[in-house]
């Protein structure tokens, strides 16, 4: 599955970084690592990274700042980020997801679990790219919102919206559903690639972020509808 995918580790604990690097190389990944995030965009681009393993507690610049910087940069915003952290509070997890993280793994971790989650991310991206290729000639318009699947761009009133990788995936899934209702659990499994036990709040965080961007009034949404007790659907009215 790895196909020599390129993974950048951002971790200031050398022993953890070496452990990850050894096991990832053993599983046929191409790996590099840095101990800080001061030149993170440059490092990510130089290594041609396809996925980033990011510690939160780093010197000079913490993982939250790095995550935000990567998600907002034109050249790095689509690169998936998996957080590795000893911070296990819900607040930290939610903040990381809001800033563009794709996954969150608490320390101490299992190397096997990390590899499984990395493979899940790459499988999900492969499936998404395949689906987008099939629909690449299609554009979707809903009032003043236009979605271009081929270019992975979303416009509102002619203005291009900034979307994280996860936000676009979620929006694309909803608009291609032909009005189907999705449970939070199904969305987690489809978008994140496996079940987040007890983490369905992740979906709510991303839905809330999407609504703020595409709805005229995110408190009274029209496009992304909440189906009480079940999940969400896209309203094509």
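Values for this structure:
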read-out: From 170, 174, 188, residue being surrounded by 15 or more Cβ atoms within 10 Å (Cβ to Cβ), in contact with a strand residue (DSSP E or B) (Cβ under 7 Å, 6 or more places away or on another chain) and not in a strand (DSSP E or B); value: 174
read-out: Residue list for the range 136-151, restricted to those being loosely packed, with under 12 Cβ neighbours inside 10 Å and modelled with pLDDT of 85 or more; value: 141
read-out: Looking only at the range 207-235, and only at residues there that are under 18 Å from residue 188 (Cα atoms) and modelled with pLDDT under 90, the one that is surrounded by the most Cβ atoms within 10 Å (Cβ to Cβ); value: 231
read-out: Hey, residue 96 in contact (Cβ under 8 Å) with a residue 40 or more places away in the chain and either out of contact with any helix residue (DSSP H, G or I) (no Cβ under 7 Å at 6 or more places or on another chain) or surrounded by fewer than 12 Cβ atoms within 10 Å (Cβ to Cβ) (or both) or not; value: no
read-out: Matching residues in the range 15-38 - criterion: being within 15 Å of residue 58 (Cα to Cα), assigned to a helix (DSSP H, G or I) and touching a strand residue (DSSP E or B) at 6+ places or on another chain (Cβ under 7 Å); value: 17
read-out: Flag if residue 108 is surrounded by fewer than 14 Cβ atoms within 10 Å (Cβ to Cβ) and either more than 16 Å from the chain's Cα centre (by Cα) or in the same structural domain as residue 25 (by TED's automatic domain parsing) (or both); value: yes
read-out: Residue in the range 68-85 that is crowded, with 19+ Cβ neighbours inside 10 Å and in a helix (DSSP H, G or I) present; value: yes
read-out: Positions within the range 56-67 being surrounded by fewer than 18 Cβ atoms within 10 Å (Cβ to Cβ) and either in contact (Cβ under 8 Å) with a residue 60 or more places away in the chain or in a helix (DSSP H, G or I) (or both), in sequence order; value: 65
read-out: Residue match in the range 1-9 (condition: over 19 Å from residue 120 (Cβ atoms) and either assigned to a loop (DSSP other than H, G, I, E, B) or not assigned by TED's automatic domain parsing to the domain that holds residue 105 (or both)); value: no
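The values are calculated or read from the model by the stated rules, or taken from the named source; none is laboratory data. Because the structure is a prediction, the values reported are computed rather than measured. For neighbour counting, all protein chains shown are included, and Cβ atoms are generated from backbone atoms with ideal geometry for every residue, glycine included.
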